[in-house]
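Input: a single structure, listed below in structure tokens.
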Amino acid sequence: MTQLDGVFRREWGPAVAALARWSGDLTVAEDAVQEACTQALQIWPAEGMPANPGAWLTTVARNRALDRLRRESARPGKELAAVYEQVNASGEGAELHPVRDDELRMMFTCAHPALDPASQLALTLRLISGLTVTEIARALLQSDAAVGQRITRAKNKIRKANIPLRVPPPELLAERTPHVLGCIYSVFTEGYWSTGGPSAIRDELCDEGVRLAGELCSLMPGNRDAHALAALVLLHDSRRRTRVDETGALIPLDEQDRSHWDRGRIARGLEQLRLAEGAPGTYLPQAVIAALHATAPSWQHTDWATICLAYDRLAEATDSPVVRANRALAVGFRDGFPAGLAALDEVADDPRLARANAVAPIRADLLRRAGRLDEAVRWYRVALEGDNVSEPAAAFLRRRLAECVTS
């Protein structure tokens, strides 16, 4: 079952995107792919997985969608079923727009300005990445009910407003690009730091985020923010294999074996960073931070001064309390842990951090490093009581707690 779940997650986005392009209906596409996955669960364990599971799922889903259209052919617009069947048989109807990837096409579709940004992101994460409503809620720091309602309203609006499921003309691409960048980064982030399930890393989502970032750079080679995002995900992903041990337990950055970092990905990330020079968005300072970590010869030789400068720029651009909380940790390494704790105090009471559970683990880490173990124990316990703590993160916090208790 675990293997099949990974296959379904990997193939969900491409299948839904292909079916949406073919049928013109998001609900039809999503329902058909879900039915195909259910059928696969019934057949594959006995008969074996096909050589190309994605093609199998897409074909079965298209047949299910066509059956549905045929059943509804008595309703107004009954000619649609015949049109879809003709396209299916002839293989015609190829997309002529320069976007070659169905998932990127879907991302630009979901970025329609008629949808509010939060609904755009939730809908894309559901349709493209196959994230469950609960996983999306965790990623967006919202309730399951709120996310479910957003997705339903967005799909209904697309249907009722007859929003076309296609890429906008070239002159409109730029205004939708920030959303697409955000969605790609959310896909990668959910893979790199999974918010649900027993595994800290979901490889298929990491791979998908890296791939989609590269596709967007190919589509828009002059967009510096796209190159900044590509640099960011590549540089982070270079450390993926060293982030967990053989048991799946998290390994913090200062304990990772740098000799096993992916030097090819680092080189590609640094090249993308060069192409991103002068990018106006928030991905460039994040990529600079990732590059400084990736190129430091050791943890002790990390350039914390420049990292803090990058955090300063990021904080100015985003006004994010989470960014400022993470900056406090960098300040601790640059100026000493008491200084880091003082920087954390400046943002700790921001109400926007209430759902993020960001302050307690950072405070606990700074206190531990400062040798104030009794205080660290208390804050590790506070961190473990948070609502948004994944099981791998909780296991890591319990490990740190035990180290402080026994020291």
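The values are calculated or read from the model by the stated rules, or taken from the named source; none is laboratory data. In this text, all values refer to a predicted model and were calculated from it rather than measured experimentally. FYI the Cβ positions are ideal-geometry reconstructions off the backbone, even for glycines, and counts take in every protein chain you see. Surface accessibility is based on the protein's heavy atoms, side chains included, excluding ligands, DNA and RNA. Shrake-Rupley method; radii C 1.70, N 1.55, O 1.52, S 1.80 Å.
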Can you pull the accessible area of Trp44 for me, 1.4 Å probe, Å² to the nearest 10?
10 Å²
Taking the chain as a Gaussian network, where each spring joins two C-alpha atoms under 10 Å apart, which residue of Leu125, Leu104, Leu373 fluctuates the most?
Leu373
One finds the C-alpha centres of region 1-38 and region 121-164 to be spaced, in Å, by 15 Å
Taking the chain as a Gaussian network, Cα atoms linked when under 10 Å apart, which of Ala46, Ala137, Ala383 shows the biggest mean-square fluctuation?
Ala46
Under a point spin-label approximation (7 Å from Cα along Cα-to-Cβ), what is the Arg381-Thr59 distance to one decimal in nm?
6.0 nm
Largest-first ranking of Glu246, Glu391 by accessible area, probe 1.4 Å, whole protein assembly kept, is Glu246, Glu391
Okay, which of region 355-369 sit inside 20 Å, backbone N to the point 7 Å along the Cα-Cβ direction of Ser298?
369
With the calculation restricted to Cα positions, what are the radius of gyration and Dmax of region 243-313 in angstrom?
13.5, 41
Ratio Rg/Rh [Cα only; Rh per Kirkwood] for the chain:
1.00
Find how much the distance from Asp254 to Ala114 grows on full extension, using 0.36 nm per residue of separation minus their present alpha carbon separation; answer in nm with one decimal.
45.9 nm
With label points built 7 Å along Cα→Cβ from the Cα atoms of Ser199 and Ala356, find their separation and express it in nm.
2.8 nm
So what are the ³J(HN,Hα) numbers for region 284-299, from phi and the Karplus equation (6.51, -1.76, 1.60; θ = phi - 60°), rounded to whole Hz, Gly and Pro as x?
5, x, 5, 5, 4, 4, 5, 5, 5, 5, 5, 9, 5, x, 7, 4
Determine, from the Cβ-Cβ distance of Ala146 and Met49 and an R0 of 45 Å, the FRET efficiency 1/(1 + (r/R0)^6), rounded to the nearest 0.05.
0.80
Simple label model, 7 Å out from Cα along Cβ direction - Ala174 to Asn162, nm
3.0 nm
Rolling a 1.4 angstrom probe over the protein chains, ignoring ligands and nucleic acids, what is the accessible area of Glu375 in square angstrom, nearest 10?
80 Å²
Cα-derived Rg over Rh, computed across region 297-406 with Rh taken as Kirkwood radius
0.97
Taking the convex hull of the alpha-carbon atoms of region 19-65 and averaging its shadow over every direction gives an area in square nanometres of 2.9 nm²
Under 5 Å between amide H atoms, partner at least 5 residues away or on a different chain: which partners does Val244 have, H built in plane at 1.01 Å?
Ile251
At 222 nm, what value in deg cm²/dmol follows for the chain if DSSP H runs of at least 4 each add -39500 (n - 2.57) and the sum is divided by all its residues, to the nearest 500?
-22000 deg cm²/dmol
